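Just so it is clear, none of the values below were taken in a lab; they were calculated from the coordinates. Quick caveat: nothing in here was measured; it's all calculated off a predicted structure. Using ideal geometry, Cβ is built from the backbone for each residue, glycine included, and neighbour counts are taken over all protein chains shown.
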Amino acid sequence: MLGPLKLAGTWLVMGAFAVGAWVPAHALPQQNHRQAKSGSNAQHGQGPHMGDWLRSNQGKSFAQQQQLLESDPDFKKLPPERQEQLKERLQKFNSLPPDQQQRILERIDKFNRMTPQQKAQARALLDRMRALPEERRELVRQQIHALVGMNPEQRQQFMNSEQYNRQYTPDEREMMGRALELNDQVPAAATE
């Protein structure tokens, strides 16, 4: 089972997805000693990932999940304010409808399939998105979501439209383009 340090990375990613970008603004937590000893299995595409803790404990009550967190030695090492943040985010995740929880888990899975370079690009993109005013950030997030759902021809037609050019600044359009490039570069999940 993943420890809370890996869970902390999960929550950072979830926060990033809340604004429509792909990764956290800050670097993910460094691997703990157990993960580092496991070698390349903990690297890109293999071994335990962020999101595994959420999946493995998703059917448990919030109280049970909280108890698991509080009993974990790694969690106890975190500063009290960080522990509270993680508990609040866990409670928020549990309050979401199942379809939203599933989308978050899918986004975390997609992040796990990114190369280190893609993750760095996504972190930089998130930093830029966070600099936007809240209402613009939400508008850009919604538009990215809509564009991802379009086929390539529809997407290109919309992105070449006068409406798109009027509604978004050149910087916002460039951010959306980069988000779409990243989305298209990440390999699809392997089917079992």
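Before moving on, here are some points about what is shown:
- Residue count for the stretch 124-166, restricted to those that are outside any helix (DSSP H, G or I) and either among the charged types (D, E, K, R) or surrounded by 14 or more Cβ atoms within 10 Å (Cβ to Cβ) (or both): 2
- Scanning the stretch 155-184 for residues that are farther than 20 Å from Met129 by Cα and of a type outside the set (A, V, I, L, M, F, W, C) gives Arg155, Gln156, Gln157, Asn160, Ser161, Glu162, Gln163.
- Unmet criterion (only one of (1) in contact (Cβ under 8 Å) with a residue 12 or more places away in the chain; (2) not acidic (Asp, Glu); (3) not in a loop (DSSP other than H, G, I, E, B)) for Met114: (3)
- The numbered conditions (1) surrounded by 11 or more Cβ atoms within 10 Å (Cβ to Cβ); (2) under 23 Å from Leu54 (Cβ atoms) are all true for Asp99 except (1).
- Checking Met159 against (1) closer than 19 Å to Leu182 by Cβ; (2) under 14 Å from the mean Cα position of the chain (by Cα), the condition it does not meet: (2)
- Restricting attention to the stretch 55-82 and to residues that are surrounded by 14 or more Cβ atoms within 10 Å (Cβ to Cβ) and of a type in the set (D, E, K, R), the residue that is nearest to Arg107 (Cα to Cα) turns out to be Arg55.
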